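No value in this document is a laboratory result; all are computed from the given coordinates. If you're wondering where the values come from, they're calculated on a predicted model, not measured in any experiment. With ideal geometry, Cβ positions are generated from the backbone for all residues, glycine too; neighbour counts draw on all protein chains shown.
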Amino acid sequence: MIVPAQWVDDRLAGAPPSLCDRIRLAIDRHGLDLRRSADAVLREALSAAPSRETAVTLLAADALVTLACEYAAEVRPDVLGGLQ
C-alpha cells in the first residue's frame, strides 16, 4: 500500500528532526510503501554496530510501521490485518 508523501509529511510535523530525516531517507531509498520501507530500515539497523545512529534507525523502523498502520486505519481499514 503506497502512502501519499504529503500525508507522511503532515504526520512528521513536530517529530524530532533526526527521526524525520531518517524516515525521509528511508522513503527516498525504499519508497512510499511504508511497511516495506520499515522492513528495509530494520534490516539496516540489525546489521549495524550499536550506536546512537542505530537507535535512530530502529526508531525510524518503528515509526514507519506505526505510520503504515495509521494510514491503513484511516484510509483502508480492510487491509489493516494484512500488514504483517
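Using the Karplus relation 6.51 cos²θ - 1.76 cosθ + 1.60 with θ = phi - 60°, the per-residue 3J(HN,Hα) values for segment 62-71 come to 4, 5, 5, 5, 4, 4, 4, 5, 4, 5 Hz, with x marking Gly and Pro. If the segment from ARG36 to VAL79 were pulled out straight at 0.36 nm per residue, it would be longer than the present Cα-Cα gap by 14.0 nm.
Once Rg and the Kirkwood radius are both taken over the C-alpha atoms of the chain, their ratio Rg/Rh works out to 0.97. Multiplying the residue separation of SER47 and GLN6 by 0.36 nm and subtracting their alpha-carbon distance yields 11.7 nm. Taking the charge dipole of the chain about its Cα centre, with +1 at Lys and Arg Cβ atoms and -1 at Asp and Glu Cβ atoms, the residue from THR66, LEU42, VAL3 reaching farthest to the positive side is LEU42. Among SER51, SER37, SER18, the largest mean-square fluctuation in a Gaussian network model of the chain (Cα springs under 10 Å) belongs to SER51.
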